[in-house]
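The structure appears below as C-alpha cells.
The values are calculated or read from the model by the stated rules, or taken from the named source; none is laboratory data. What you see is a predicted model, and the numbers here were worked out from it, not measured in a lab. Quick reminder, even Gly has a Cβ in these numbers, built from the backbone with ideal geometry, and neighbours come from all protein chains shown.
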Amino acid sequence: MKLRHYVWAAVAALALTCMPMAAKADTVYLNVNDGDDITVELFNAVQGGNTVVIPEGKYEISSKIRIGSDTTIKSGSGKVTLTMSGSSDVMMFTPSSVTHGNDNITLQDLILHGEKDTDAILRFYNASKLILSRVQIRNGSGVGVRFNNCKSTTMNNCIVAGNYTEGIAVKDSTVMIKKTTIMNNGHEVFGNTDYTTEGNGISVREGAVVSFKACTIKENGAYGIGVSAGGAIKLQGTKKAPNKVTENSWNGISVTGAGTSAAVNYLNCDGNGTNPRITGDGASGHGMGVSAGATANVKNSTFNNNSKCGLSLFSNGAKLTITKCKLNNNGGHGIGARKGVTLNATSCTTNYNKEHGIMLLDQSEGTLKSITASHNGKENKGLVAGKTSKNVTITGGKFYSNGQDGISLYEITGNVLVDGATMKSNPWYGLRIRSCPKAKVINCKYSKNGRGTYTLS
C-alpha cells in the first residue's frame, strides 16, 4: 500500500508541473481514513483550483504537492494533522514558475508536521493573495514556512513552533501576520568548549516587508525577529493588544544593515537574551538591537528585564527615534548607543538598569527630551554622553538617585545644551561636564547631590 502511494505521488508530482489547470473549481471531500497516506488523493483533488475538505484525522504526506491558483485546503471538522513521511524536501509548495498560476491560495484549520531532511514544510514562491488561517506549522528539520517574492500574503491565528532552522523565512515579499505565535524555533550548536543557539523565529530580508498585529514571538534560538539586507518590519500593536517579543536567546529583535528598518508601536520586548552570543562589540542579549546603518522608529513600548541593554544602537550611522517607552531593569544599559549613531529620545523612562540609564558614546549624537533616569547602576550614571561624540541636547527630564552622577558629559566636540533638567539625590554630581568646550547649561535644578550640584571643567 505504501509503495503504491510513493510511486503514484512521484508520477503525480511530475505530471502536475506539466499539466494546465482545469477551468472549473469544485468542492472535493476526500474519502480517506485516519492513518492513511493521502498524497495521491490530495494531489488529484487540488488540480483545477478546487476547495479540498479533509475529514478529521491524522494522515501522511509522502511526496511534495504543488498548489496552484484558486485552491483552498481545509479541515471539514475537528483536527486534521498532516505529517511528512517520505524523502521530499517540502510538503506543499508553489514553484518559481507561474505558468499554471500561484494566486488565491488558502490553507485553513490544518496541523502540519515536518520530518527529517526537509528544506521547509511550506514553501511559497511568486504567490499572491495567499492566506494561512489557523494553521500550525511544527517540527520541521529546516524552516517552517518560506515566502519568496510573495505579495498580499496573510497569516492569521497560526502557530509556528519547533522548527530546527527557523520558523519563518521571508524574502522580497509582503506579509501580514496577525494573532500568531512563533516560538521555540532554532537549535543549539556546540563548539569546542561551549555552545550557543541559532535560528530566528522569523527572518525578514532583501526587500521583504512584514507587518505584525497582536503576535507573540518567544523562546526562539537566536533572534525572535531578525531583519537584514534591506528588509522592513512594522510592529503595529495597540495598547490593549500589543505585540510581544520575549525570552529569545540572543535579541528579541535585530535590525541590521543600511536600508533595513523597523517601525514599532505598542510592543512588549522583555526578558530577551536568555542565552546571548558574546562576540565583543555589539554582542547580543538586548531587547532590540539596531546596527550597521539601520533605522528604527519606536513608540509606546517596553524593553524591560533583558540580559544586556533594553535597546542597543550600534555603529555606522544607525538611527533610532524612540518616544514614550520604558526601559527598566535591564542587565546592561536602558539604551546603549555607540560608534557613530544618532539617538532621538523623548519622554522615555530608564530606571533600575544595572549599568547606565542611557549611554551615548564614540562620535555619536543625540537629542534627549523629557527623560526620566533613576536608580541606575551602582557605579553608573543616569545619562552619560561623550568620548568624541558630536552634538548633544538634553531638554527637561529628571535624573535622580543613580549610582554616581545624574548626568555626565565629557569630550564632546560639538555643541552641548542642557536646558531645564532636574538632578536630585545622586551620590556624586547632579551634572558633571568635562572637556566640552561648547557646553551651555540653563534653567536646571539641583538638590541633595552628594559631591556637588554642577561642575564644568
Output the number of residues of the range 328-338 satisfying the condition of being more than 18 Å from Ser370 (Cβ to Cβ), crowded, with 19+ Cβ neighbours inside 10 Å and not polar (S, T, N, Q). 4
So which residues in the range 312-336 are farther than 13 Å from Thr295 by Cα and in a strand (DSSP E or B), if there are any at all? Thr323, Lys326, Ile335, Gly336
Boolean, Gly199 is at pLDDT 95 or above and either touching a His at 6+ places or on another chain (Cβ under 8 Å) or not aliphatic (A, V, I, L, M) (or both): no
hydroxyl-bearing (Ser, Thr, Tyr), more than 15 Å from Leu30 (Cα to Cα) and part of a loop (DSSP other than H, G, I, E, B): does that describe Ser77? no
Exactly one of (1) modelled with pLDDT of 95 or more; (2) crowded, with 22+ Cβ neighbours inside 10 Å is unmet by Ala9. Its number? (1)
Considering only residues that are hydrophobic (A, V, I, L, M, F, W, C) and under 16 Å from Met423 (Cβ atoms), which ones fall in the range 434-457? Ala439, Val441, Ile442, Cys444, Leu456
For the range 55-66, does any single residue satisfy the condition of being over 27 Å from Asp172 (Cβ atoms), in contact with a helix residue (DSSP H, G or I) (Cβ under 9 Å, 6 or more places away or on another chain) and either assigned to a helix (DSSP H, G or I) or among the acidic types (Asp, Glu) (or both)? yes
Taking the range 337-354 and the residues there that are in a strand (DSSP E or B) and of a type outside the set (A, V, I, L, M), the one that is farthest from Asn300 (Cα to Cα) would be Arg338
Pick from the range 204-222 the residues that are surrounded by 24 or more Cβ atoms within 10 Å (Cβ to Cβ) and at pLDDT below 95: which of them is farthest from Cys325 (Cα to Cα)? Gly221
The listed residue being on the phi > 0 side of the Ramachandran plot and in a strand (DSSP E or B), out of Gly377, Gly386: Gly386
Boolean, Gly285 is in contact (Cβ under 8 Å) with a residue 40 or more places away in the chain, surrounded by 19 or more Cβ atoms within 10 Å (Cβ to Cβ) and either among the hydrophobic types (A, V, I, L, M, F, W, C) or assigned to a loop (DSSP other than H, G, I, E, B) (or both): yes
